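Undergrad: Pasting a structure below so you can have a look.
Please treat every number below as a calculation from the coordinates, not as lab data. Because the structure is predicted, anything quoted here is derived from the model rather than measured. Every residue, glycine as well, gets a Cβ built from its backbone with ideal geometry; the counts of neighbours run over all protein chains shown.
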Amino acid sequence: MLSERDLLARVQRLTVTRLRVWVAQGWIKPVDAEAPSYSEADLARAALICNLEDDLGFTEDDVPVLLNLIDQIHGLRAELKVLLDALDELPPDLRATVRMQITQTRGPGKR
């Protein structure tokens, strides 16, 4: 876990005020609110928000929409991994049937 001081030291352009506003807005959720501690995911999210606002020019109103979309993508990737892991557990003949059905549904040559 990272302390608030650690997080501030590791993310350029991040200030105490900025971090606390993001926490209040729910963009970053410390593990422990009383003695704020942050995960590596919080670190990456803080860096991402800085990039979105400072480097890419998105406004404060844009950021929650973008974060929501990014969170949805991560959620879908996690669900897809669960599905792929489950498919790996199937017998080879059944996996081949599923693969063939996907190819037919999607059409040849499409990924």
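Undergrad: Dipole magnitude of the chain about its Cα centre, charges +1 at Lys/Arg Cβ and -1 at Asp/Glu Cβ only, in debye to the nearest 20? Each step should come with its number before you reach the end.
TA: Details: 14 positive and 18 negative charges, 99 e Å.
Magnitude of the dipole: close to 480 debye.
Undergrad: Go through [x] 16.8, 53; [y] 20.1, 58; [z] 12.7, 34 and flag the label whose value is the computed Rg and Dmax of the Cα atoms in Å for this structure.
TA: [y]
Undergrad: Another question, if that's okay. With an 8 Å cut-off on Cα pairs and a minimum separation of 6 or more residues, tell me the relative contact order of the stretch 1-58 in percent. Write out the running numbers ahead of the final one.
TA: Numbers: 46 pairs, mean separation 22.9, N = 58.
Once divided by the residue count of the stretch 1-58, the mean separation gives 39 percent.
Undergrad: Hey, what number do you get for the chain at 222 nm if only DSSP H runs of n ≥ 4 count, each worth -39500 (n - 2.57), divided across all residues, to the nearest 500? Spell out each step's value before the answer.
TA: Details: 5 runs with 70 residues, N = 111.
Calculated at 222 nm, the ellipticity per residue is -20500 deg cm²/dmol.
Undergrad: Classify the stretch 61-111 from the C-alpha gyration tensor, please: rounded if a/c falls under 1.5, else prolate or oblate depending on whether a/b exceeds b/c. All intermediate terms of the calculation are to be shown ahead of the outcome.
TA: Numbers: a/c = 6.20, a/b = 2.05, b/c = 3.02.
Judged from the Cα gyration tensor, the stretch 61-111 comes out oblate (a/c at least 1.5, b/c at or above a/b).
Undergrad: For the chain, modelled as a Gaussian network with Cα springs under 10 Å, which listed residue fluctuates most, Leu80, Leu43, Leu14?
TA: Sorting by GNM fluctuation, first place goes to Leu80.
Undergrad: Can I ask one more? Step through the residues of the stretch 61-71 one at a time and calculate ³J(HN,Hα) from phi using the Karplus curve (6.51 cos²θ - 1.76 cosθ + 1.60, θ = phi - 60°), rounding each to whole Hz and writing x for Gly and Pro.
TA: 6, 6, 4, x, 5, 5, 4, 4, 5, 5, 4
Undergrad: Can you run phi through the Karplus equation (6.51, -1.76, 1.60; θ = phi - 60°) for the stretch 44-57 and list ³J(HN,Hα) in whole Hz, with x for Gly and Pro?
TA: So the J values, rounded to whole Hz, are 5, 5, 4, 5, 4, 5, 4, 5, 4, 7, 7, 8, 9, x.
Undergrad: Of the GluC sites (Glu not before Pro) in the stretch 51-107, which ones lie in a loop per DSSP and count no more than 10 other C-beta atoms within 10 Å? Present the calculation step by step, with values, prior to reporting the outcome.
TA: Values: sites: Glu53, Glu60, Glu79, Glu89; in loops: Glu60, Glu89.
Qualifying residues, ordered by number: Glu89.
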